[in-house]
Amino acid sequence: MSGSRSTAKSEVVLLATHKRLATHETVVQQALAERIAGVLGAKFVGAYDPDLHQGHALYYIPSDTLIGKEDGNALNIRSVDDFFGGLIDHPFMATKAISHPLLKDATAKPAGWSDRFFEDAADAVLAGFSVFNEADARRAGVLLLKDGPVRVKPVLATAGRGQLVVTTEAELDSALAQQDMAEVEEWGLVLEEDLHDVITYSVGQIQVAGITISYHGTQSLTEDNNGETVYGGSQLWLVRGDYNALLKLDLDDDVRRSVTQAMSYENAALDCFPDFLASRRNYDIAHGTNSRGEVCSGVLEQSWRIGGASPAEIEALVAFAADPTLQRIHASSHEIYGPTTLPADAHLLYEGDDPDVGLISKFTQVQPYDRTQ
């Protein structure tokens, strides 16, 4: 995946993309950039400025997945050593729309679409469809409703926001009426079987400064200041090495299945999208029960960009870089809305009244791998 190795970096920069960041996200990314720079033996110099930084040995931290080989070439991104995130060819590849097949008679198909990706990853995802216009969305929804409730998932929304569960065609029509169809035509929309009693596992890997770290973990949910259920943090158990190092551990059956499904999904991407590069990969794998009482599991989406679990990933990276004998560690990231008292061992990343989301605290914790919960 890495291609040819790149030269040492002297400066770390944050790279703005199309994605608008809330204040708390910007502050956290600055803090993580400082820590990554420390591991690289480089200096964090702020936001990327093409005039100011031209010709410098830069390490980029994009705010979202980079899209287009031209952008990669312009930035001189050649391997995973050049940035923290992912680089893909087409918009839909950066979203959960990559996870499901099109309808067999789909009327909209984006450039770069690979039917083979779903064939390779079929055992690693839930039942569902990706669609790129309203007509296909309705037909896909009607088809899925025959087997039970359907979850309608805008692909650019994060932290679980904007998702709707529908049980009738009338509810489906109402849900589709709420979508931004211009966004759907460019990025896609996912319709997927709805599960209950869900546990969401995280599986991922980062490669920074020649260090490879792989992990499994779980996500927590919380209520934001508007009462909506959103991402609340991640508990990660991390090892030095690749996914195979992870599989050598004593893992519960559901965790082991999550790791193998993430590997299958990632291998399909590497096989079907040859220009794909990612130094940060994270997969959300849901285990739950569908409306027919069947226990199911599958990758909900991938994150080939800096994300919610990245504070925990970077804390582990710093620990592994500082101690070459360290083989595994437990790290967690936390997002708490409203007033709170921080734990004594918290490493605070942000605490304040964010203009977008209100009062929020974000912090990490690190413990030994074998610490009992």
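No lab work stands behind these numbers, since they all come straight from the coordinates. None of these values were measured; they are calculated from a predicted model. No Cβ is skipped: glycine too gets one built from the backbone with ideal geometry, and neighbour counts run over all protein chains shown.
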Non-local amide H neighbours of Phe83 (under 5 Å, H modeled in plane, Pro and chain starts lacking H): which ones?
Tyr60
Within straight-line cross-link reach of Lys9, aspartates and glutamates at Cα separation under 17 Å, skipping those fewer than 8 residues along the same chain:
Glu34, Asp49, Asp81, Asp82
Can you tell me the order of 175-185, 230-240, 120-130 when each peptide is scored by its average per-residue count of other Cβ atoms within 10 angstrom, highest first?
230-240, 120-130, 175-185
Give me the angle, in degrees from 0 to 90, between the Cα long axis of helix 310-322 and the longest principal axis of the Cα atoms of the chain, rounded to the nearest 10.
30
Calculate one ³J(HN,Hα) per residue across the range 33-38 by plugging θ = phi - 60° into the Karplus curve 6.51 cos²θ - 1.76 cosθ + 1.60, and present them in order as whole Hz with x for glycine and proline.
4, 4, 6, 5, 4, x
Could you give each residue of the range 264-269 its phi-based ³J(HN,Hα) in whole Hz, using Karplus coefficients 6.51, -1.76, 1.60 with θ = phi - 60°, and x for Gly or Pro?
4, 4, 5, 4, 5, 5
Thr212 long-range amide H proximity, modeled H, under 5 Å
Gly241
Springs between alpha-carbon pairs under 10 angstrom, Gaussian network model over the chain: which of Lys43, Lys248, Lys96 fluctuates most?
Lys248
If you average the sequence gap of Cα pairs under 8 Å that are 6 or more apart and divide by the length of the range 111-231, what percent do you get for the contact order?
26
If you rank Ser333, Ser202, Ser297 by fewest surrounding Cβ atoms within 10 Å, what's the result?
Ser297, Ser202, Ser333
Thinking of the chain as a set of Cα atoms, what percent of all their pairs are more than 26 Å apart?
51
Return the Rg/Rh value of the range 197-367, two decimal places, where both radii are evaluated on C-alpha atoms and Rh is the Kirkwood radius.
0.98
